[in-house]
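Here is the structure we will look at.
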Protein chains: 2
Amino acid sequence: MTATLVTPAASERIATHLREAILSGEIGPGERIRQEEVAERLGTSRLPVREALRMLEAEGLTEHTANKGARVPALDRHELDVLYQMRERLEPLALTESIPHLTSGQVRELEGLADLIAADTDLSEFLVLDRAFHLGSYAGCGTEHLLATVTRMWNSTQPYRRMFMTLGGPDRRWIVDHEHRLILDAIKRQDSVDAERFLSGHIRRTRIELDQHPELFGGPHRAGRARISGTTTTRRQA
Amino acid sequence: MTATLVTPAASERIATHLREAILSGEIGPGERIRQEEVAERLGTSRLPVREALRMLEAEGLTEHTANKGARVPALDRHELDVLYQMRERLEPLALTESIPHLTSGQVRELEGLADLIAADTDLSEFLVLDRAFHLGSYAGCGTEHLLATVTRMWNSTQPYRRMFMTLGGPDRRWIVDHEHRLILDAIKRQDSVDAERFLSGHIRRTRIELDQHPELFGGPHRAGRARISGTTTTRRQA
DNA sequence: CTTCCACCTGTTGGATCCAATCTCAAGGTC
DNA sequence: GACCTTGAGATTGGATCCAACAGGTGGAAG
């Protein structure tokens with residue numbers, strides 16, 4: 001029982017690094033991720049990078065083609081729409097499973113997040129907080145499969161949520177805040193029927209809004225190469 | 001342009017082999033899969049086995065713990081129940097997405113499968129045909145994510161479906177056949193509303209029946225070691 | 001000028017060896 | 001006798017080297 005917890009195994013460190021790079025938008029949809037580049041930047045061999053990419057694939061953050069390597073999945077308009085329909089059907093179930101097991105401390109945390117979302121002005125921070133609010137509301141859900149599936153769907157949609165936010169249309173986050181309050185209130189009342197209704201409405205509204213912006217899919221489909229944030233290691237050899 | 005298609009890359013061959021071993025029940029829930037054993041039996045090094053196990057993890061067929069290796073996930077009663085609730089909500093969506101794009105040939109295939117299921121007497125074969133019928137009905141669904149998610153849920157529940165079938169209660173497959181006909185008929189009429197209703201009812205009935213057999217979860221949770229069927233190949237060089 | 005083919009380079013896939021970790025049983029101590 | 005400790009064996013994680021495949025480039029023929 002020594003350092004297992006402080007030395008998280010290289011492949012997991014790499015997975016964590018890449019996960020953040022993808023979720024933060026540093027690596028965008030369609031961009032390729034080359035093993036050697038990541039390995040060099042993080043100071044390991046390519047092998048743990050391969051493992052990390054497979055882990056991320058299981059999380060829906062990368063996709064893999066034989067002999068061609070990994071890239072961040074790019075969705076077309078219809079696929080994103082269906083992904084939102086999946087969320088519309090599954091996340092209410094996760095919420096219903098979660099509500100009875102949420103501690104009062106967790107509910108207070110959710111309220112804090114809702115307040116931050118209402119107050120916040122930074123669009124990038126909004127994405128983080130909104131994700132934390134929703135996934136946090138599923139924290140009581142004890143079943144691995146459901147949580148993993150919901151998380152995968154959030155992972156897959158994240159790049160497009162980001163692109164949508166940066167479109168710079170009218171700021172309608174007050175609607176988001178209103179819907180969050182409804183959901184939160186239902187959670188407090190332990191009313192899972194209401195909670196499901198408000199949540200699916202929340203997701204459906206977002207889906208419809210996204211669907212009105214086909215320009216999200218024209219742009220960055222072309223295969224660029226990913227720049228990994230230079231963490232460690234200053235380097236570049238030869 | 002040589003043999004890319006006939007030489008499917010070792011890791012994929014291994015993944016295919018293990019996938020079949022798990023789905024066929026040869027490796028049961030909770031059983032451990034050791035890299036070296038698989039590597040030896042299939043005549044490769046451990047590396048492609050590691051890759052294969054990661055692929056299977058993405059498909060919901062194995063789970064991985066650092067420094068402890070892979071095993072076939074074992075579900076408890078509640079988790080299996082929730083998995084069926086997920087199927088109840090998601091598979092109707094897959095069917096609705098699929099119906100408009102099914103060719104008449106595909107519909108005929110479904111009808112053939114339904115006939116086989118009604119005629120068949122071998123319980124093990126039933127599992128294969130039933131899976132083929134349902135996943136086949138989603139074949140027109142063009143979206144990768146939805147199909148992959150549905151397949152993952154089928155993969156995860158498969159071992160328990162098998163255990164349930166071998167319990168040897170009264171044979172109620174005539175109910176299954178009846179429900180399949182209702183679904184098939186709705187598909188032919190392109191009536192996705194009816195199709196969704198019949199399908200979710202079909203899954204719900206199964207879920208409730210499964211829930212009445214808690215003895216499914218006492219048994220094989222203990223960690224045995226998997227026996228890999230020595231398959232292929234006469235070969236293996238050196 | 002266009003098209004097709006061979007070659008070459010960049011990148012991923014696999015094998016072998018070594019290091020780190022876990023499991024578990026034997027032995028010692030209180 | 002019960003419990004903790006300490007090893008040895010078994011098993012997974014990582015590094016390095018080599019092989020195989022994909023894509024692009026240049027040249028030659030039409």
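Provide a whole-number value for the mean count of partner chain Cβ atoms within 10 Å of the Cβ atoms in peptide B:143-153. Kindly include the intermediate steps, with their values, before the conclusion.
Values: counts 10, 7, 12, 5, 0, 2, 7, 1, 0, 5, 2.
Whole-number average of other-chain Cβ neighbours for B:143-153 is 5.
So if R0 is 41 Å, what FRET efficiency would residue B:213 and residue A:185 give, r being the distance between their Cβ atoms, rounded to the nearest 0.05?
Working: r = 39 Å, r/R0 = 0.95.
It comes out at approximately 0.55.
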How would region A:138-180 be classified by its alpha-carbon gyration tensor: rounded, prolate or oblate, with rounded meaning a/c under 1.5 and the a/b versus b/c comparison settling the rest? oblate
Neighbourhood charge, 14 Å Cβ-Cβ cut-off, centred on residue A:208 and excluding it, Lys, Arg +1 and Asp, Glu -1: +1
Cα long-axis angle, helix A:173-188 against chain A (0 to 90 degrees, to the nearest 10): 70 degrees
In nm, spacing of pseudo-spin labels at residue B:148 and residue A:66 (7 Å Cα→C-beta vector): 1.7 nm
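First select every other residue whose beta carbon is under 13 angstrom from the beta carbon of residue B:183; then total the charges, Lys and Arg +1, Asp and Glu -1. Walk me through the intermediate numbers first.
Details: positive: B:181, B:188, B:189, B:197, B:205; negative: B:91, B:111, B:130, B:177, B:179, B:185, B:191, B:194, B:196.
Overall, the nearby charge balance is -4.
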Nm distances between copies for residue B:36, ranked from closest, using label points 7 Å along Cα→Cβ: 3.3
Give the peptides A:77-83, A:53-59 in descending order of average Cβ contacts within 10 Å, highest first. A:53-59, A:77-83
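Give me the inter-chain shielding for A:85-97: mean count of other chain Cβ atoms within 10 Å, whole number please.
Neighbouring Cβ atoms belonging to other protein chains average 3 per residue here.
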Distances in nm from residue B:124 to the matching label points in the other copies, shortest first (labels 7 Å along Cα to Cβ): 5.7
Relative contact order computed over region B:31-93 (Cα-Cα under 8 Å; 6+ residues apart), in percent: 29 percent
Taking the alpha-carbon centre of each part, the distance from region B:60-117 to region B:173-216 in Å is 13 Å
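What is the Rg over Rh value, at two decimals, for region A:93-161, using alpha-carbon atoms and the Kirkwood definition of Rh? Kindly include the intermediate steps, with their values, before the conclusion.
Working: Rg = 12.6 Å, Rh = 12.7 Å.
Looking at region A:93-161, the ratio lands at 0.99.
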Let me check against my output: what whole-number percent is the relative contact order of chain A, with C-alpha pairs under 8 Å and at least 6 apart? 33 percent
Divide by every residue of chain B the summed helix terms, -39500 (n - 2.57) for each DSSP H run of at least 4, and state the resulting mean residue ellipticity at 222 nm, rounded to the nearest 500 deg cm²/dmol. -20500 deg cm²/dmol
Roughly how tilted is helix A:192-211, in degrees to the nearest 10 and between 0 and 90, from the longest Cα axis of chain A? 50 degrees
Relative contact order for region A:77-217 using alpha-carbon pairs under 8 Å, separation at least 6, rounded to a whole percent? 41 percent
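With a 1.4 Å probe, how much accessible area is buried between chains B and A, both sides summed, in Å² to the nearest hundred?
2900 Å²
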Please compute the alpha carbon radius of gyration of the protein assembly as shown, then divide it by the globular-protein estimate 2.2 N^0.38 Å. Two decimals is fine. 1.02
Taking the label point 7 Å from Cα in the Cβ direction, how far apart in nm is residue B:76 from each other copy of itself, listed shortest first? 4.4
Place a label point 7 angstrom from the Cα of residue A:47 along the Cα-to-Cβ direction, then list the residues of region B:21-60 whose backbone nitrogen is under 14 Å away. B:36, B:45-51
Against the longest alpha carbon principal axis of chain A, how many degrees, from 0 to 90 and to the nearest 10, is the axis of helix A:10-23 turned? 60 degrees
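For chain A, what does the alpha-carbon gyration tensor say about shape, rounded, prolate or oblate, given a ≥ b ≥ c as the root eigenvalues, a/c under 1.5 as rounded, and a/b over b/c as prolate?
prolate
Inside 10 Å of the C-beta atoms of A:49-58, what's the mean count of C-beta atoms belonging to other chains? Could the numbers behind the result be given before it?
Values: counts 0, 4, 4, 1, 1, 10, 4, 1, 4, 10.
Mean partner shielding for this stretch: 4.
Roughly how compact is region B:77-217, stated as its Cα Rg over 2.2 N^0.38 Å to two decimals? Each step should come with its number before you reach the end.
Numbers: Rg = 14.4 Å, N = 141, 2.2 N^0.38 = 14.4 Å.
Compactness ratio reported: 1.00.
I'd like to check one number: the per residue accessible area of the protein assembly as shown, probe 1.4 Å, reported in Å² as a whole number. Mind showing how you got there, number by number?
On the way: 22720 Å² over 476 residues.
On a per-residue basis, the protein assembly as shown sits at 48 Å².
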Suppose each label sits 7 Å from its Cα in the direction of the beta carbon; what would the residue A:101-residue A:81 distance come out to in nanometres? 3.6 nm
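The values are calculated or read from the model by the stated rules, or taken from the named source; none is laboratory data. None of these values were measured; they are calculated from a predicted model. Quick reminder, even Gly has a Cβ in these numbers, built from the backbone with ideal geometry, and neighbours come from all protein chains shown. With ligands, DNA and RNA removed, areas are computed over all heavy atoms of the protein, side chains included. Shrake-Rupley method; radii C 1.70, N 1.55, O 1.52, S 1.80 Å.
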